Amino acid sequence: MKIFILSAFVASALMAGSLQSDAQKAGLKPIPASKVALTKLTSNPANPTTSSKVELGKMLYMDPRLSKSGLISCNTCHNVGLGGSDGMSSAVGHKWTSNPHGLSSPTVYNAVFYSQQFWDGRSPHLEDQAQGPIQAGPEMAAPKEYVTAVVSSIPQYVTMFQKAYGKDVKITFEKVADTIAIFERTLVTPSRYDDFLNGNKKALTTPEQKGLKTFIDKGCATCHNDIALGGTMQAFGVTGAYKYINVGDFKGDKNGMVRVPTLRNITQTAPYFHNGQIATLGEAIQEMGRIQLGVTLTNDETASIETFLKALDGRKPTITYPMFPTSNATTPKVDVN
């Protein structure tokens with residue numbers, strides 16, 4: 001009996017070691033275990049992360065007064081308590097406007113690892129991306145000047161900017177967006193999957209390891225790779241047409257390419273696909289197999305991949321909802337129209 005148990009243990013360890021190697025060859029990379037390495041990877045050299053910037057960025061991210069109506073914040077659609085998204089098939093913004101292209105809100109968690117932002121990849125990094133939704137009419141609908149005036153009118157915000165950037169800081173719309181991005185850069189969620197790739201062979205169960213192997217062998221890692229398990233621009237509908245492609249008018253960028261969503265915390269970001277038309281993870285896996293890989297995944301293969309994907313649920317940073325500084329007579333009045 002002891003020999004049998006020892007043999008099984010050795011076989012399991014060998015399988016895990018081989019799988020770790022296979023994952024590396026497939027282009028899969030873990031979130032670094034070292035805090036120093038992670039900070040270096042996620043920080044913007046032109047605007048280094050500091051605790052004062054993160055705290056200010058969090059408040060601005062959560063503050064609905066940055067929207068024209070005073071009701072919508074970045075957190076409305078990218079809710080850090082709901083997997084970084086909103087659970088809607090189509091994002092809803094100013095005056096209860098549904099996204100005109102039928103697009104859902106991607107998760108903000110681990111977005112720092114994307115090579116490009118937005119579904120069409122039009123933004124190169126988080127600092128640039130943060131400017132878009134604040135100004136967009138169907139989203140927060142706030143002009144640059146309005147946002148700057150709101151923030152500058154509140155003495156506590158002015159003090160916080162001075163603490164974060166120095167006494168001579170000029171509060172601009174771009175600086176507000178940059179600071180929000182600093183907070184977003186901290187929204188990283190390492191998981192047991194990362195522990196496994198970082199060397200802990202026991203971090204994933206045998207069924208989860210089997211699911212990872214299926215994920216790799218079937219070709220899922222062709223697009224869902226690197227640290228984000230997504231985040232790059234890829235062709236969509238390679239071997240078949242997405243069955244809900246006509247819901248909304250989004251067809252990708254000018255070359256028909258679509259930004260691949262991260263698979264991290266995927267259990268928390270339904271409904272799936274850019275237009276949120278698929279409700280369950282199993283159906284999403286099978287549809288991806290059909291239209292991207294040209295394969296019909298069996299129920300067992302689908303379940304195996306889903307078992308692995310559940311291991312991507314990560315350890316989220318502790319985020320305390322802020323108490324916002326008080327508006328005053330000089331703060332611009334909201335406009336719900």
> How many of the residues in the stretch 80-107 are under 25 Å from Leu229 (Cα atoms) and either of a type in the set (S, T, N, Q) or outside the structural domain of Ile180 (by TED's automatic domain parsing) (or both)?
Replying inline: 6
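Pull up the stretch 170-193, narrow it to residues that are in contact with a strand residue (DSSP E or B) (Cβ under 8 Å, 6 or more places away or on another chain) and aliphatic (A, V, I, L, M), then point me to the one that is surrounded by the most Cβ atoms within 10 Å (Cβ to Cβ).
Ile182
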> Only one of (1) surrounded by fewer than 16 Cβ atoms within 10 Å (Cβ to Cβ); (2) at negative phi; (3) part of a loop (DSSP other than H, G, I, E, B) fails for Gly199. Which number is that?
Replying inline: (2)
>> touching a Ser or Thr at 6+ places or on another chain (Cβ under 6 Å) and farther than 27 Å from Leu82 by Cα: is that true of Thr222 in this structure?
In response: no
> Among the candidates Val247, Val334, which residue alone is part of a loop (DSSP other than H, G, I, E, B), under 29 Å from Leu60 (Cβ atoms) and of a type in the set (A, V, I, L, M)?
Replying inline: Val334
> When you scan the stretch 23-48, how many residues do you find that are crowded, with 18+ Cβ neighbours inside 10 Å and either in contact with an Asp or Glu (Cβ under 7 Å, 6 or more places away or on another chain) or modelled with pLDDT under 95 (or both)?
Replying inline: 2
> Restricting to the stretch 225-239, what's the tally of residues that are part of a loop (DSSP other than H, G, I, E, B) and either under 20 Å from the mean Cα position of the chain (by Cα) or on the phi < 0 side of the Ramachandran plot (or both)?
Replying inline: 10
> Asn255 is checked against (1) touching a Gly at 6+ places or on another chain (Cβ under 8 Å); (2) at pLDDT below 95 and fails just one. What number does that condition carry?
Replying inline: (1)
> When you go through (1) over 25 Å from Pro30 (Cβ atoms); (2) within 22 Å of the chain's Cα centre (by Cα); (3) assigned to a helix (DSSP H, G or I) one by one for Gly252, which number turns out not to apply?
Replying inline: (3)
> From the list Lys167, Lys213, Lys218, Lys144, which one is touching an Asp or Glu at 6+ places or on another chain (Cβ under 9 Å) and surrounded by fewer than 16 Cβ atoms within 10 Å (Cβ to Cβ)?
Replying inline: Lys144
> What residue, of Val247, Val295, is over 26 Å from Thr307 (Cα atoms), of a type in the set (A, V, I, L, M), surrounded by fewer than 20 Cβ atoms within 10 Å (Cβ to Cβ) and at pLDDT 95 or above?
Replying inline: Val247
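The values are calculated or read from the model by the stated rules, or taken from the named source; none is laboratory data. Quick caveat: nothing in here was measured; it's all calculated off a predicted structure. Note that each Cβ is placed from the backbone with ideal geometry, even for glycine, and that neighbours are counted across all protein chains shown.
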